[in-house]
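What follows is a set of notes on a single structure, which appears directly below.
The values are calculated or read from the model by the stated rules, or taken from the named source; none is laboratory data. Since we're looking at a predicted model, the values are computed, not measured. All Cβ positions, glycine included, derive from the backbone under ideal geometry; neighbour counts span all protein chains shown. These area figures cover heavy atoms from the full protein model, side chains too; ligands, DNA and RNA do not enter into them. Shrake-Rupley method; radii C 1.70, N 1.55, O 1.52, S 1.80 Å.
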Amino acid sequence: MKKILTFLLAALGLTTACGQDNFENTDVQGFSELVADTNVVVLDVRTVDEFNDGHIKGAILIDQGQSDFIEKAKSLLPIDKKIAIYCRSGRRSANAAGRLADIGYKCVNLKGGIIAWKEAGMPVVTSEQEMNGLIVRIAEIEVHPQYLKEYLEAARSVGVESVKKEPGVICIFPNQITEDKNKIRIVEIYRNKEAYEHHLTTEHFQTYKQGTLHMVKSLNLVDLCPLDKEAMPLIFTKIQ
């Protein structure tokens, strides 16, 4: 009977880790210090609706109740950074922390979840509020033909690395113009100005920038104003 109950709870994502020694627990004060550390990734493991209603600023959303939770975590979370995890009350996040710790992540769980966070007077933002600070732009780039293959690999690499390592980088998505393969259009979306400015200082961006200067024939940055910011979370949820 006990085995059956354990199985059912695991299927619902409601079990805690088999042994909590493989991750840390911390209170609101300790968690707030982690949130302020740019080398820490903040992970919200609740549902999309819960996240949209209010979350810790800068958090990444991966619903731990979905069957592809681990797969998404591997693709989005850098293994070399500490992961600060929270949910509503701390129960689901403890489960998620244990599962991630089992595959090599260093995790810290917020005791009491976002309920405790709010009760302590700590700030949260809705998805709508966070969208208001977005930086969206297209980088219009023309590459010297002899460097095209090398440039495409550099652009792809910095895009993947930036999204994985920087919580504030939502999208860096390089594309080639069909009629002229030497012309590249990179869609860039940053959570806010601070995230963009931090991105410019990262080692992976500087490596890309300095390594491709001689490859680029022209560069033009076009800032965009989204007409429907509320639709963006739906777009990315649908992609997932």
Inset, instruction - Determine whether ALA84 is closer than 22 Å to GLU130 by Cβ, at pLDDT 95 or above and not in a helix (DSSP H, G or I). - result: yes
Inset, instruction - Could you give me the residue pairs with C-beta distances under 6 Å whose first residue belongs to region 82-99 and is under 20 Å from GLY54 (Cβ atoms), whose second residue is assigned to a helix (DSSP H, G or I) and open to solvent by 10 Å² or more (accessible area, probe 1.4 Å) wherever it lies, and which are 6+ apart or on separate chains? - result: ALA84/LEU34; SER89/ILE115
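In region 156-228, which strands (runs of 3 or more DSSP E) lie fully inside it and hold 1 or more residues that are without any contact (Cβ under 8 Å) to a residue 24 or more places away in the chain, open to solvent by 70 Å² or more (accessible area, probe 1.4 Å) and closer than 30 Å to LYS82 by Cα?
Numbers: elements: 169-177, 180-190, 216-224.
Qualifying strands (runs of 3 or more DSSP E): 169-177.
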Inset, instruction - Name, by its number, the condition in (1) open to solvent by 30 Å² or more (accessible area, probe 1.4 Å); (2) more than 23 Å from GLN66 (Cβ to Cβ); (3) modelled with pLDDT of 95 or more that does not hold for VAL143. - result: (1)
Inset, instruction - Report, ordered by the first and then the second residue, all pairs with beta carbons closer than 6 Å, sequence separation of six or more or different chains, a first member in region 115-136 that is closer than 17 Å to PHE51 by Cα and at pLDDT 95 or above, and a second member that is open to solvent by less than 40 Å² (accessible area, probe 1.4 Å) and not in a strand (DSSP E or B). - result: ALA116/VAL28; TRP117/VAL28
